[in-house]
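Enquirer: Just dropping this structure here.
Read-outs throughout are calculated quantities, based only on the coordinates presented, and are distinct from any laboratory measurement. Worth saying up front: this structure is predicted, and the values here are computed from it rather than measured.
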Amino acid sequence: MTLRKGEKMTISIQEHMAIDVCPGPIKPIKQISDYFPRFPRGLPAAVGRSGTLRSAVSQPSVSPAEGPRDEDEDVDQLFGAYGTTPAEQPPKYQAPEEVVDPEGYESDDCTTLGTLDFSLLYDQENNALHCTINKAKLPKLDFKKGLKPMDHNGLADPYVKLHLLPGASKANKLRTKTLRNTLNPTWNETLTYYGITDEDMIRKTLRISVCDEDKFRHNEFIGETRIPLKKLKPNQTKNFNICLEKQLPIDKTEDKSLEERGRILISLKYSSQKQGLLVGIIRCAHLAAMDANGYSDPYVKTYLKPDEDKKSKHKTAVKKKTLNPEFNEEFCYEIKHGDLAKKTLEVTVWDYDIGKSNDFIGGVVLGINAKGERLKHWFDCLKNKDKKIERWHTLTNELPGAVLSD
């Protein structure tokens, strides 16, 4: 076909047909993209419904679904906002994500083991750590709500137990009640550690484990999390909702190097009315286990020495099968205030045994020859008449000049 000068040539494209501008027969084609490889599969945006090709300059366009995705949003949904490095950012123009088959999706621990909602509060004035266990459930990525089923009926009998690390033992174990046949347990239960010091808050870690109680077999572990106590600020409640993880090993060597005999809360007050020293034995915490069952049957003895008449001995009641006994007993030593500076108060904790000698657990000495908090406690008592002063003290396994027998 030839064109005369001044004539215009019109090329039409009909459905499934195109005309080659080169001389020759008309060639049918299956896709117009054979002639325009730069366009994606299917008709290009520059082709109208009429079938005519509009003149257009190809520009890269990005739909909202294909645009740069919010990195924090994606990561937060899957992994709980752990963050990414710049190298992990998605490319600027990213193709739409492939739909994932939920049945074939291999989830992480957060999806498999569930999440736990709880809060922690360090009461600095009272040396107490309050742990409120609220509830447990699985994240949105799992299509089943609640904890990972442990029983044949697809449900669980979950409970939560706490340990302080290093030194995990029955002495610092606390646990919630067990909730029956549920995958969405709600406890709203507060467990409290007493005798917690600022030093503990720096070096100790709270281990929180979720378990499934089984009446006929060993209880099954579901998941755990660990919170370094140094993350907490005194007298400020901190809320957590975090993923449970697989069980981690405990460093036994570290546990032994930091092993403790326990702690005792003592109150001292010189009473002008009674003309004597009032010694209060309030409670003990995290005592060493002396019996085969992993517990002790503790009681406390006090002496005010030197004791020439051997009449200064006082003894509390025995508390059965516990490592965190509460006594709330008070003893009075009749003595002039001026003579207290020459005296030493010895407090010892024992494990009561039937038919054999009682076991010494630990003790503490308060007086002018003591050091640190023990000396400060004694000095504050002498300085402040008629004022009750409470202090926590760490038990030692030896007492200078004490006879370790009952």
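Enquirer: Step through the table entries Lys204/Lys246; Lys231/Lys388; Lys204/Lys313; Lys135/Lys230, compare each Cα-Cα distance with 29 Å, and write down the pairs that go over it.
Expert: Going by Cα-Cα distance, Lys231/Lys388; Lys204/Lys313 fall outside the 29 Å limit.
Enquirer: Right, something else. Using the Karplus curve 6.51 cos²θ - 1.76 cosθ + 1.60 with θ = phi - 60°, work out ³J(HN,Hα) for each residue of the range 190-203 in order, rounded to whole Hz, and write x for Gly and Pro.
Expert: 9, 10, 10, 9, 9, x, 7, 9, 4, 5, 4, 5, 8, 10
Enquirer: Hey, another quick one. Scan around Asn184 for amide H atoms under 5 Å from its own, H built in the peptide plane at 1.01 Å from N, and keep only partners 5 or more places away or cross-chain.
Expert: Leu147
Enquirer: Scan around Asn219 for amide H atoms under 5 Å from its own, H built in the peptide plane at 1.01 Å from N, and keep only partners 5 or more places away or cross-chain.
Expert: HN-HN under 5 Å from Asn219: Asp214.
Enquirer: Which ³J(HN,Hα) values, rounded to whole Hz and listed in residue order, are derived for the range 330-341 from phi using the Karplus coefficients 6.51, -1.76 and 1.60 in 6.51 cos²θ - 1.76 cosθ + 1.60 with θ = phi - 60°, glycine and proline given as x?
Expert: Karplus-based 3J(HN,Hα) across the range 330-341 equals 10, 10, 10, 10, 6, 7, 5, 4, x, 8, 5, 5 Hz.
Enquirer: Which ³J(HN,Hα) values in Hz, rounded to whole numbers, follow from the phi angles of the range 374-386 under the Karplus curve 6.51 cos²θ - 1.76 cosθ + 1.60, where θ = phi - 60° and Gly and Pro get x?
Expert: 5, 5, 4, 4, 5, 5, 5, 5, 5, 7, 10, 5, 6
Enquirer: Amide H to amide H, which residues 5 or more places from Ile368 or on other chains are under 5 Å from it, using H placed in the peptide plane?
Expert: Here the answer is none, since no amide H 5 or more places off falls under 5 Å of that of Ile368.
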